[in-house]
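Have a look at the structure below, then the notes.
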């Protein structure tokens, strides 16, 4: 036929879609209701109802509907569900009259009504005559049409024409028919229908208003209007002539929104972009139609109509966006018969690739890495980055605040959008662990999870519950484009995670850029096109959660950085990623598909576009990063080589024009990176003030004194010991004596200062440098305190340059030698320097070293020996500078199983420095007290010369002699390194070795005279020895052991721990004391992390471990706490406890989070944690939150001491509640019995042992489980 007439616009749309009829060939002519449907006068109405009541029990008031059981579109069950929601009094006074049901279908109505409990409130009329139907319309209190689909909805017009108020739905053609004259409700909203019924039943004025509106609306559907439209259609058909398309025709075959998936939405955006130059026809597969606006804009048809449309007039190109997850056999026909161009945003499975390459004219992928993944089938593959529609253009007045209000997110909430959430386990675990980490510092955080169906998948739900963040997750489901953009605009940060070695879709990240939102993305090749300044890249693999957590925490506290990243992303979008840019990139691909073209795929491959990403191409020689490890290639780059020659002019003169090549040394690189960073970011200017932290006699300070107003340098210059050779005390009075280049002494200000507490006001310095020193500051928290202080005293916008060392190989279960030299991993740098400082990295941190750099590594001890051999041979006689004795290149060193390199961090202070997110790193009062005590001791020891007086201990020597003395000290330092540095920096390792020697009689070593080994034999445990202090006679345990009564040890408790675990498992013993549980578990083959706050007990336990030769035991002297730092400890003989606030203490001990210790140990899963720390258990549990939140969380065996808990303001029930919050159940343990205890239970004994279990209790021989305490 030439033209068609549809009864509604919706029917016209559906006809075009399913039958492929162009919408311009379809006219709409609304039908009309018969004239006998009219308002009846009172007498006529009563008479008709009286006849009807002779066979039906009709009440005076009723609601009415016309339906048929079995016709799903009529949606009768939802109406019955709505009646279930009505108040019983409303149902009784307003029963539902269902017209049109009789016979067997009446049984179905009764069954359905019974299911909803409304069978007494439903009346079925059966079939009625037109006169009776008119009487029912007139008498009904309201007419309800709950349909899910109507092509027109004639009963609605009939009811309105009779004066009945109408409640209907928003489905299909119903709004087109009702206009504003009906109360419209979502067809799936039973409660919404119930609300409408209740309102109309109780508000006669509203019913009257809707009655008048309905009569007016029904009057627009007339026979005259239908006749005029029909006649016009005949005229158009008679006058129609064939019309060729003025522009080339393009077909797009794809799923489209509202079908789920970003590809479905993007296909509409592709169609809109092509509409600027081509006539576009959409061919849709699957269920669901796009919204009316799309149908009005494009010709939309079912995919089955494609072949017929192609026969009628061939398309210039047929683009297909296939659902690659469905498999190769389900590909649309154009991708099987060679006529279509496939567009892929993700790399499909191998069988799908084979079908696509063999069955299509060309394949378009987003990037070159995606093309390379297709391997030897790459011929015929074109790499073109897509573009996306502008969310700001679609809703130009919708700002973030309004978007948040639309979706119910408060202004205080930090919203993270993960709109393309994957089901990959590693990605889900990383995302939720990082989000849990964020929630600890930002409790108002919210994670918006985009997942089909609008519900969280089971894995995500389970993990979120385990990590305690489920209430902070919101599933947003598959959204229409408008709502999707609203959620996007409401976010603070967008998260996009990819599986390692995958080629992820670019669409989600493109939309984040378009919306001006910072993106935190996986560092994979498929997303290399994302501008560096618009995203935060997160590695895949084991470190993903830690780095992602750091990224989210940082961005949550720095809105300036977020805005800067968002602006960068938006700028890149406007330049490269719009749909107009995409159309230009697709132009070449389209040119390959002109009508009648028979080009082979090989020709297409030859003419593949040079554009591979659609973004601005990187410069041929990208600038050298600022945050990176030292590599041998750096010394050949002008950015570094020129600075080294300038700063180290004395070395340049010594080594010649080729310098620094051939004399590559990490120290020169560290100095050059500091100068380069300060210069590049504006801190080297005549009015600048620069601070050097732990600066010793660095060449940097002398160079800077010639270029800035003031160079303030601090170090522990008055501190005696090994490091005094690097930071001699005479620097306090004549710092120029250490210069090997010209300097301006009056600009150098040198002070003795501990870096953990810088005695300067906030925002004091334009730039700060610290080179090769922070690894010697002590433990990780000492590093964090120093980083915090440097961030505090730096001006907003100022630059911090730090170089330190990074372990690029070696064991992960230790940190080097805490207290002497730390071996940082990447995660330590990010946590304890970057995050602790509150500053922002200038660019991403690069930690991979080149092959040439790795190949140039040297053993540290051999390097020192070589240096000393040369230095001893020449000394001062040859007047050689000490640096000439080095072996070159001196970059990467091996030591004690570690391979380490220098690493540079360049950080900038944001305008709003986060005072909260890095508060954990703020120096504590205990640190201040320790620093003050140290200073007092120094003054007392050097009472003959006080730094405040400013006079050295001897007359100042002539400069020539002073320089000679300085050189001699440098040589002495190297000799000291040769003889003792290795032992010094070995730290814990050397201490363990000493204890092992002292504990083993065969070595001739000697223990302290008062330490006595006691042999212990436990059932089923190999014998072992425990060291005790025999002078501690107040200790019952010590007395019993010395008397030979080893049965006093925790034998039943050890038996329980062994029954719950297996040899080889990892056990954490917090409050290890002398090792009464650590040692037997180690003897039985377990790996044990023992944490003990008492210095004396920790030393005894270390000696016991060494004596027994237990290789898989780590003893850490620290207090298990909620946060890191230093904490007071009160020692009472063999016992002791953490000092309460304000309580006197006998010593200070490090405070550690057990979570962090477990991570640093690197032994994997912990099977059991034992905690016995005298009332400090709640703090230790909070410091175990990550471990306890795991799905495979350990058993927790702990002491519940009502007295010590009470001293700290809690009670046994509070400890139980804290563990229950992690999903545990707690049981009181007595040998042979486990009894369930709950927070509300009263602990009748002062001290009891509890076992906390997550999940089922394993079978325990000879142990009964009871649900309640038993009384006798």
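The values are calculated or read from the model by the stated rules, or taken from the named source; none is laboratory data. Model, not experiment: these values are computed from the prediction. For neighbour counting, all protein chains shown are included, and Cβ atoms are generated from backbone atoms with ideal geometry for every residue, glycine included.
When 1262, 1250 are checked against the criterion of being surrounded by fewer than 17 Cβ atoms within 10 Å (Cβ to Cβ), without any contact (Cβ under 8 Å) to a residue 60 or more places away in the chain and either within 19 Å of residue 1171 (Cα to Cα) or more than 40 Å from the chain's Cα centre (by Cα) (or both), a single residue qualifies: 1262. When residues in region 117-139 are screened for being in a helix (DSSP H, G or I), over 60 Å from the mean Cα position of the chain (by Cα) and surrounded by fewer than 22 Cβ atoms within 10 Å (Cβ to Cβ), 4 of them pass. Could you tell me whether any residue of region 571-584 is closer than 30 Å to residue 1159 by Cβ, in contact (Cβ under 8 Å) with a residue 12 or more places away in the chain and either assigned by TED's automatic domain parsing to the domain that holds residue 362 or assigned to a helix (DSSP H, G or I) (or both)? No: region 571-584 contains no residue that is closer than 30 Å to residue 1159 by Cβ, in contact (Cβ under 8 Å) with a residue 12 or more places away in the chain and either assigned by TED's automatic domain parsing to the domain that holds residue 362 or assigned to a helix (DSSP H, G or I) (or both). Considering (1) touching a strand residue (DSSP E or B) at 6+ places or on another chain (Cβ under 6 Å); (2) in a loop (DSSP other than H, G, I, E, B); (3) at pLDDT below 90, the lone condition that residue 589 does not fulfil carries the number (2).
Just wondering, is there one or more residues in region 421-437 that are in the same structural domain as residue 551 (by TED's automatic domain parsing), over 22 Å from residue 550 (Cβ atoms) and touching a helix residue (DSSP H, G or I) at 6+ places or on another chain (Cβ under 8 Å)? Yes, that holds for at least one residue. So for region 536-553 (the condition being in a loop (DSSP other than H, G, I, E, B), touching a residue at least 60 places away in the same chain (Cβ under 8 Å), within 19 Å of residue 485 (Cα to Cα) and in contact with a helix residue (DSSP H, G or I) (Cβ under 8 Å, 6 or more places away or on another chain)), does at least one residue qualify? No, because not a single residue in region 536-553 is in a loop (DSSP other than H, G, I, E, B), touching a residue at least 60 places away in the same chain (Cβ under 8 Å), within 19 Å of residue 485 (Cα to Cα) and in contact with a helix residue (DSSP H, G or I) (Cβ under 8 Å, 6 or more places away or on another chain). Could you tell me which residue of region 1000-1017 is modelled with the highest pLDDT, considering only residues that are closer than 16 Å to residue 1099 by Cβ and in a strand (DSSP E or B)? Within region 1000-1017, the match that is modelled with the highest pLDDT is 1013. Please verify whether region 7-17 includes one or more residues that are farther than 23 Å from residue 170 by Cβ and surrounded by fewer than 21 Cβ atoms within 10 Å (Cβ to Cβ). Checked region 7-17: no residue is farther than 23 Å from residue 170 by Cβ and surrounded by fewer than 21 Cβ atoms within 10 Å (Cβ to Cβ). For the criterion of being farther than 30 Å from residue 307 by Cα and outside any loop (DSSP other than H, G, I, E, B), residue 237 fails.
Residue by residue, here is whether (1) more than 14 Å from residue 141 (Cα to Cα); (2) modelled with pLDDT of 85 or more; (3) out of contact with any strand residue (DSSP E or B) (no Cβ under 8 Å at 6 or more places or on another chain) holds:
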residue: 61; (1), (2), (3): no, yes, yes
residue: 70; (1), (2), (3): yes, no, yes
residue: 75; (1), (2), (3): yes, no, no
residue: 80; (1), (2), (3): yes, yes, no
residue: 83; (1), (2), (3): yes, yes, no
residue: 87; (1), (2), (3): yes, no, yes
residue: 94; (1), (2), (3): no, yes, no
residue: 100; (1), (2), (3): yes, no, no
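Listed by position, the helices (runs of 4 or more DSSP H) enclosed by region 1-96 that each have at least 1 residues that are in the same structural domain as residue 157 (by TED's automatic domain parsing) and either touching a residue at least 24 places away in the same chain (Cβ under 8 Å) or over 30 Å from residue 281 (Cα atoms) (or both) are 42-53, 76-85, 88-93.
Condition (residue is assigned to a helix (DSSP H, G or I), closer than 24 Å to residue 508 by Cα and at pLDDT 80 or above) applied to region 276-299: is it met by at least one residue? No, there is no match, as no residue in region 276-299 is assigned to a helix (DSSP H, G or I), closer than 24 Å to residue 508 by Cα and at pLDDT 80 or above.
With the condition being in contact with a strand residue (DSSP E or B) (Cβ under 7 Å, 6 or more places away or on another chain) and farther than 21 Å from residue 9 by Cα, I'd like the helices (runs of 4 or more DSSP H) fully within region 140-208 carrying at least 2 qualifying residues.
In region 140-208, the matching helices (runs of 4 or more DSSP H) lie at 190-202.
Selection over region 1085-1096 of residues that are free of Cβ contacts under 8 Å to residues at least 60 places away in the same chain and closer than 19 Å to residue 1169 by Cβ gives a count of 5. Among the residues of region 256-275, those that are surrounded by fewer than 19 Cβ atoms within 10 Å (Cβ to Cβ) and at pLDDT 80 or above comprise 272, 275. Checked against (1) in a loop (DSSP other than H, G, I, E, B); (2) modelled with pLDDT under 90, residue 1205 passes all but a single condition, namely (1). When residue 353 is tested against the conditions (1) at pLDDT below 80; (2) touching a strand residue (DSSP E or B) at 6+ places or on another chain (Cβ under 8 Å); (3) assigned by TED's automatic domain parsing to the domain that holds residue 318, the lone failure is (2).
Just to be sure before I move on: is residue 1098 at pLDDT below 90, within 23 Å of residue 1166 (Cα to Cα), not assigned by TED's automatic domain parsing to the domain that holds residue 441 and not in a loop (DSSP other than H, G, I, E, B) in the structure I sent? Yes, satisfied. Quick one: is residue 933 loosely packed, with under 13 Cβ neighbours inside 10 Å, closer than 30 Å to residue 1153 by Cβ, over 26 Å from the mean Cα position of the chain (by Cα) and at pLDDT 80 or above? Yes.
Among all residues of region 303-322, there is at least one that is surrounded by fewer than 21 Cβ atoms within 10 Å (Cβ to Cβ), under 10 Å from residue 253 (Cβ atoms) and modelled with pLDDT under 85. From the set of residues in region 675-685 that are out of contact with any helix residue (DSSP H, G or I) (no Cβ under 7 Å at 6 or more places or on another chain) and part of a helix (DSSP H, G or I), which is modelled with the lowest pLDDT? The extreme case among them is 680. Of all residues in region 1166-1193, those satisfying the criterion of being in contact with a helix residue (DSSP H, G or I) (Cβ under 9 Å, 6 or more places away or on another chain), surrounded by fewer than 22 Cβ atoms within 10 Å (Cβ to Cβ) and assigned to a loop (DSSP other than H, G, I, E, B) are 1174, 1190, 1191.
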